[in-house]
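Report on the structure given below.
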Amino acid sequence: MATTFHHEPYSRGEPRLPQVGPRGLLARARLDEHLPVHHRLSRVYRAGAGLVGLFLVVFGVLGVTGNIGFFSTGDNTVLGLNTNGALSWLSILVGLLLLVGMVKGGNFASSLNMLLGVLFVLSGFVNLALLERGDWNVLAFRLPNVLFSFAVGLLLLVFGMYGRVSGRLPHDNPYWQARHPLEAEEERRRRELSQRAERDSRPPGSPPARGREES
C-alpha cells in the first residue's frame, strides 16, 4: 500500500510577516525566467524599470535640446516639470540605468528599482527643503518636480518589491526559497517522495495521471 505524505500546501504562503529582519526580506535570489513564477516576477521588474527609464530619457533629451543653461534656475518647463542642463543630463543617466535594468531583468532589475525608488523619495524631501533656497537649488526644482520625485520613487518601490518583500509569499516564490533554504529543500524532498510513491503505486503499463486527464 502506497504511503501518503500530508503537508501544508506550499502555495498558500506564510501566515504573517517572517521574522528574518530587513536583510532577510531583501535576500537575493537567482531567477530562472524559464519558470513561470520567475518569468512573471522578472516581467514586472522589467516593466517598472522600462516605463520610468523611458520617460526620464525623453525628459532629459528634450531638456538638453532646449539649450537650457546647465545650472539655470529660471522657469524652463519640459513635460510639465521645471528643468535645467544639470537635471536633464542626470535624468538621461538615471533613465539609461533603468533601461539597462529592464534589459537584464531578474534580481538586478528588482534591486535597482528599489534602490532608485529610495533615492527618488529622498530627493523629494531634500529638494522640498531647498525650494526657497535659490542658491542651493541647483537642479531648478519646483513643487511639481518634488511631487514627481515622490510619485516616481513610490512607483519604483512598488515595482521592485513586487513578489519580494511580503510575509505571505507562496512557497514556490524564489525569494521565499532564498530566505528559507531549509524549508524549501524539505518541501522539495516531500514532493519528490510523494511523486515517487505515486509512481510506485501505479499499475505496470498504465499512463501517468496527467496523460489520463489529457486523453
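The values are calculated or read from the model by the stated rules, or taken from the named source; none is laboratory data. Just so you know, these numbers come straight off a predicted model, no measurement behind them. Reconstructed Cβ throughout: ideal geometry from the backbone, glycine too, with neighbour counts over all protein chains shown. The area values use the complete protein model at the heavy-atom level, side chains included, leaving out ligands, DNA and RNA. Shrake-Rupley method; radii C 1.70, N 1.55, O 1.52, S 1.80 Å.
Residue pairs whose Cβ atoms lie under 7 Å apart, sitting 6 or more positions apart in sequence or on different chains, and linking a residue in region 45-62 that is among the hydroxyl-bearing types (Ser, Thr, Tyr) to a partner that is not in a helix (DSSP H, G or I), are Tyr45/Gly105. Go through the residues of region 157-171 one by one and say whether even a single one is out of contact with any strand residue (DSSP E or B) (no Cβ under 8 Å at 6 or more places or on another chain) and closer than 24 Å to Val61 by Cα. Checked against the condition, which is being out of contact with any strand residue (DSSP E or B) (no Cβ under 8 Å at 6 or more places or on another chain) and closer than 24 Å to Val61 by Cα, region 157-171 yields no hits at all. Just to be sure I understand, how many residues within region 152-170 are modelled with pLDDT of 90 or more and either open to solvent by 70 Å² or more (accessible area, probe 1.4 Å) or of a type in the set (Val, Ile, Thr) (or both)? So the count comes out to 4. Take the residues of region 110-151 that are in a helix (DSSP H, G or I) and open to solvent by less than 10 Å² (accessible area, probe 1.4 Å): which is nearest to Tyr45 (Cα to Cα)? That would be Ser110.
Taken over region 68-93, the criterion of being in contact (Cβ under 8 Å) with a residue 40 or more places away in the chain and either in contact with a His (Cβ under 6 Å, 6 or more places away or on another chain) or within 28 Å of Met161 (Cα to Cα) (or both) is satisfied by Leu81, Leu87, Leu90. For region 13-23, indicate whether the set of residues that are assigned to a helix (DSSP H, G or I) and modelled with pLDDT of 60 or more is non-empty. No, region 13-23 contains no residue that is assigned to a helix (DSSP H, G or I) and modelled with pLDDT of 60 or more.
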